[in-house]
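J.: For reference, the structure I am asking about is given below.
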Amino acid sequence: MTEIAKSETGFVYAPAPESAGIARLKPAYEIFVGGEFRPGRGEAVKTVNPANEEPLAEVAEANAADVDDAVTAARRAYEDVWAKLPGSARAKYLFRIARAIQERGRELAVLESLDNGKPIRESRDVDIPTAAAHFFYYAGWADKLGYAGFGPDPRPIGVAGQVIPWNFPLLMAAWKIAPALAAGNTVVLKPAETTPLTALTLAEIIAECDLPPGVVNVLPGGPAVGQAVVEHPGIDKIAFTGSTAVGKQIQRSVAASGKRLSLELGGKAANIVFDDAPLDQAIEGIVNGIFFNQGHVCCAGSRLLVQESIHDELVESLRDRLRTLRLGDPLDKNTDIGAINSAAQLARIRELSDSGVAEGADRWSPECTIPERGFWFPPTLFTGVGQASRIAREEIFGPVLSVLTFRTPQEAVDKANNTPYGLSAGIWTEKGSRILWMANQLRAGVVWANTFNRFDPASPFGGYKESGFGREGGRHGLEAYLAH
Ligand code: NAD
């Protein structure tokens, strides 16, 4: 019998699950080196569905010798083929990859939701289309590099080592691979240990698109494989997305090596709501800002700064809205909040949330049923948060929002900038002049006005301060892969 769920708003939802079979899961996945899949020489691991803790597949892991082979293959491909190709020829390959991602979009979306825990609505409507859009976008640049503003004849750098996190597995791979290839570099990519499946399926797509062997190599594995990529002397450029702690370690290890480096690290973004903001719209932006992808978003609006005069009204509306969020099966098309990606991440979210209570903030979550198996955390709101408390300073990387208040625009700016991070910020007000004034004061790489978490391949993305350096996306994203 079909279980019918009734939300607090009175809407009745029948389950609407996407079939897991669409993901075409294989029992085992291999590493991708020199255009071929082959067993890794590291110890194979089981990747787990975080929504039910069931193993999904066995994934081979690379070791240092595999890294060496991948770098050799990438070097050969760079010198013999890829860097010599005219941009228009590289563009054809990138267009081909973009179209193949679109063609296999449904499969990739289900696979991503299985491996990561994110709602199918998000993988289907955001991750996969945006990944394809990045390949389309950079395909367009491949034969126009001389017009990108980096000199008349910009050259590629060489072999790029790319290490990515688990929160947007395919999208992060696309952010890294597309500009690197467009600019004429070859790539050794290491996906995150808990989410290797879509990157390996992308490798399959790349092989089917007949890319010359070695142009892209994909090496699943843990931190040791990442470190072997970063430290390999045959790599010319490192692009890393992940935590600030690991980013700092990488920066130290490549110091004086001559390797180029770009770092996309953590964040603790302020989402700032003024008393003249369109409240209903702001509520949607706040929810999207922190609960999209379970808050596993580097640019999440995790600090809500509300003008004091509207604090109570806004918090009440926000609670009403949070009561309508549906937590559960990531493959259900009605799900808003999926699973937390791993037991380790869940433990971190719990620890930081408990510290919020211990430091005196008020914690609130809507009533919701937490599934018995899997890793789950309810949408959580903290009010009465002090600026010095850990939940206002540290990146939680989960569905947890800290609410603070301000009285004047200057106070909002001061509080927003009172963080070691600087990745993004949001401003909600109907005054255009205030938006421009604020945007100039905020030390954040991206400032959204009356919206949040909008991504476009044509728009550069990146950090200030401990959120890293270098830009991905847009014309700016090419600079990280050009020796000009
Ligand atoms: P993490 O730093 O632990 O891991 C990221 C990647 O680095 C993984 O592939 C991991 O295996 C690898 N790695 C770990 N230690 C390494 C080492 N010593 N040398 C080389 N590689 C190593 O981060 P995470 O927990 O997987 O991801 C979450 C973090 O990523 C958050 O801080 C988030 O803000 C950040 N992030 C930033 C952006 C951005 O664009 N700024 C985007 C997404 C995520």
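None of the figures in this text is laboratory data; all of them are computed from the coordinates on show. The model shown is predicted, which means the values in this text are computed figures rather than measured ones. Glycine gets a Cβ as well: all are built from the backbone with ideal geometry, and neighbour counts include every protein chain shown.
J.: Restricting things to alpha carbons, find the Rg to Rh ratio for the range 255-336 using the Kirkwood radius for Rh.
T.: 1.15
J.: Next question, about the same structure. If you fit an axis through the alpha-carbon atoms of helix 105-116 and take the longest principal axis of the Cα set of the chain, what angle between them do you get, 0 to 90°, nearest 10?
T.: Helix 105-116 and the main axis of the chain meet at about 70 degrees.
J.: Helix 169-182 against the longest principal axis of the chain: what's the angle in degrees, Cα atoms only, rounded to the nearest 10?
T.: The angle comes out near 40 degrees.
J.: If I take every Cα pair under 8 Å that is 6 or more residues apart in the range 319-428, average their sequence separation and divide by the length, what percent do I get for the relative contact order?
T.: Here the relative contact order equals 21 percent.
J.: Calculate, axis by axis, the spread of Cα positions in the range 30-115 along the three principal axes, and write the results as whole Å, longest axis first.
T.: 48, 34, 14
J.: If you place +1 on the Cβ of every Lys and Arg and -1 on the Cβ of every Asp and Glu, how big does the dipole about the Cα centre of the chain come out, in debye to the nearest 20? Walk me through the numbers before you get to the answer.
T.: Working: 49 positive and 58 negative charges, 261 e Å.
Roughly 1260 debye, rounded to the nearest 20.
J.: Over what distance in Å are the Cα centres of the range 228-296 and the range 48-121 separated?
T.: Between the Cα centres of the range 228-296 and the range 48-121 lies a distance of 21 Å.
J.: In whole angstrom, note down how far apart the Cα centers of the range 458-482 and the range 337-377 are.
T.: 32
J.: Oh, and also: Taking the range 427-484, which trypsin sites (Lys or Arg not before Pro) meet the DSSP loop condition and have no more than 14 other C-beta atoms within 10 Å?
T.: On the way: sites: 431, 434, 443, 454, 465, 471, 475; in loops: 431, 443, 454, 471, 475.
Taking the range 427-484 and a limit of 14 other Cβ atoms within 10 Å, the loop trypsin sites (Lys or Arg not before Pro) found are 431, 454.
J.: Oh, and also: Expressed in nm², what is the orientationally averaged projection area of the convex hull enclosing the Cα positions of the range 202-241? It would help to have the intermediate numbers written out before the result.
T.: Numbers: hull surface 14.0 nm².
Projected over every direction and averaged, the Cα hull of the range 202-241 covers 3.5 nm².
J.: Using only C-alpha positions, report the orientation-averaged shadow area of the convex hull of the range 339-429, nm², one decimal.
T.: Details: hull surface 28.1 nm².
Value for the range 339-429: 7.0 nm².
J.: Projected onto the charge dipole of the range 137-268 (+1 at Lys/Arg Cβ, -1 at Asp/Glu Cβ, origin at the Cα centre), which of 265, 225, 157 gives the Cα projection farthest towards the positive end?
T.: The residue sitting most towards the positive pole is 265.
J.: I've got another one for you. Find the relative contact order for the chain and round it to a whole percent, using C-alpha pairs within less than 8 Å whose residues are 6+ positions apart. All intermediate terms of the calculation are to be shown ahead of the outcome.
T.: Numbers: 1144 pairs, mean separation 84.7, N = 484.
The value is 18 percent.
J.: Where does the chain land on the Kirkwood hydrodynamic radius, alpha-carbon pairs, in angstrom?
T.: Numbers: mean 1/r = 0.0438 Å⁻¹.
Evaluated over the chain, this radius sits at 22.9 Å.
J.: By DSSP, what percent of the beta bridges with both residues in the chain are antiparallel, rounded to the nearest 5? Can you show the working numbers first?
T.: Values: 20 of 60 bridges.
Close to 35 percent.
J.: Okay, next question. If you bin every alpha carbon distance in the range 131-268 into 10 Å steps from zero, what whole percent lands in each bin?
T.: Final binned percentages: 12, 43, 35, 10, 0.
J.: Separate question: Consider all pairwise Cα distances in the range 77-146 and report the whole-number % of them above 15 Å.
T.: Working: 1402 of 2415 pairs.
For the range 77-146, the share of Cα pairs beyond 15 Å comes to 58 percent.
J.: Kindly give the semi-axes, whole Å and largest first, of the ellipsoid equivalent to the range 182-249, taking each as the square root of 5 times a Cα gyration tensor eigenvalue. It would help to have the intermediate numbers written out before the result.
T.: Details: eigenvalues 95, 48, 19 Å².
Semi-axes (√(5λ), whole Å): 22, 15, 10.
J.: Counting DSSP beta bridges in the range 334-475, what percent are antiparallel, to the nearest 5? Please report the intermediate quantities before stating the final value.
T.: Details: 4 of 11 bridges.
Here the antiparallel bridges make up roughly 35 percent for the range 334-475.
J.: Continuing with the same structure: Only helical DSSP H runs with n ≥ 4 go in: add -39500 (n - 2.57) per run for the chain, normalise by residue count and round the 222 nm mean residue ellipticity to 500 deg cm²/dmol. Don't jump to the answer; show the numbers that get you there.
T.: Details: 15 runs with 174 residues, N = 484.
Here the helix-only value at 222 nm equals -11000 deg cm²/dmol.
J.: Fewest Cβ neighbours within 10 Å first, please rank 459, 433 accordingly. Kindly include the intermediate steps, with their values, before the conclusion.
T.: Working: 459 14, 433 8.
Final ranking by Cβ density, sparse to dense: 433, 459.
J.: Related question: What is the Å³ per residue value for the convex hull set by the Cα atoms of the range 291-405? Intermediate values should be presented prior to the final figure.
T.: On the way: hull volume 11.7 nm³, N = 115.
Roughly 102 Å³ of hull volume per residue.
J.: Give, in whole angstrom and from largest to smallest, the semi-axes √(5λ) of the equivalent ellipsoid of the range 102-188, with λ running over the eigenvalues of the Cα gyration tensor. Mind showing how you got there, number by number?
T.: On the way: eigenvalues 164, 39, 15 Å².
Value: 29, 14, 9 Å, ordered largest first.
J.: Find, among the trypsin sites (Lys or Arg not before Pro) in the range 14-58, those assigned to loop by DSSP (not H, G, I, E, B) with at most 15 other beta-carbon atoms within 10 angstrom.
T.: Those satisfying the criteria are 24, 41.
J.: Let me ask something additional. I need 383, 324 ordered by Cβ neighbour count within 10 Å, fewest first. Display every interim value, and only then the final one.
T.: Values: 383 20, 324 13.
Ascending Cβ contact count within 10 Å gives the list 324, 383.
J.: Same structure again: Please grab the % of Cα pairs in the range 358-477 that end up more than 21 Å from each other. The partial results should precede the final answer.
T.: Numbers: 3593 of 7140 pairs.
Cα-Cα pairs in the range 358-477 separated by more than 21 Å: 50 percent.
J.: Label residue 434 and residue 319 with points 7 Å out from Cα along Cα→Cβ: what is the distance between them in nm?
T.: 2.5
J.: Using only the alpha carbon atoms of the range 188-296, find the Kirkwood hydrodynamic radius as the inverse mean reciprocal pair distance, in angstroms to one decimal.
T.: On the way: mean 1/r = 0.0588 Å⁻¹.
Mean inverse Cα-Cα distance, inverted, gives 17.0 Å.
J.: Give a quick list of GluC sites (Glu not before Pro) in the range 333-381 that DSSP marks as loop, anything other than H, G, I, E or B, with at most 10 other Cβ atoms within 10 Å.
T.: Values: sites: 351, 359, 367, 372; in loops: 359, 367, 372.
For GluC sites (Glu not before Pro) across the range 333-381 that sit outside H, G, I, E and B with at most 10 neighbouring Cβ atoms in 10 Å, the list reads 367, 372.
J.: Turning to a different aspect of this structure: Using only the C-alpha atoms of the range 1-150, find the volume of their convex hull and express it per residue in Å³.
T.: Values: hull volume 26.6 nm³, N = 150.
Output value, Cα hull per residue: 177 Å³.
J.: In vacuo Debye scattering of the range 410-458, one point per C-alpha: log10 I(q)/I(0) at q = 0.25 Å⁻¹?
T.: -0.99
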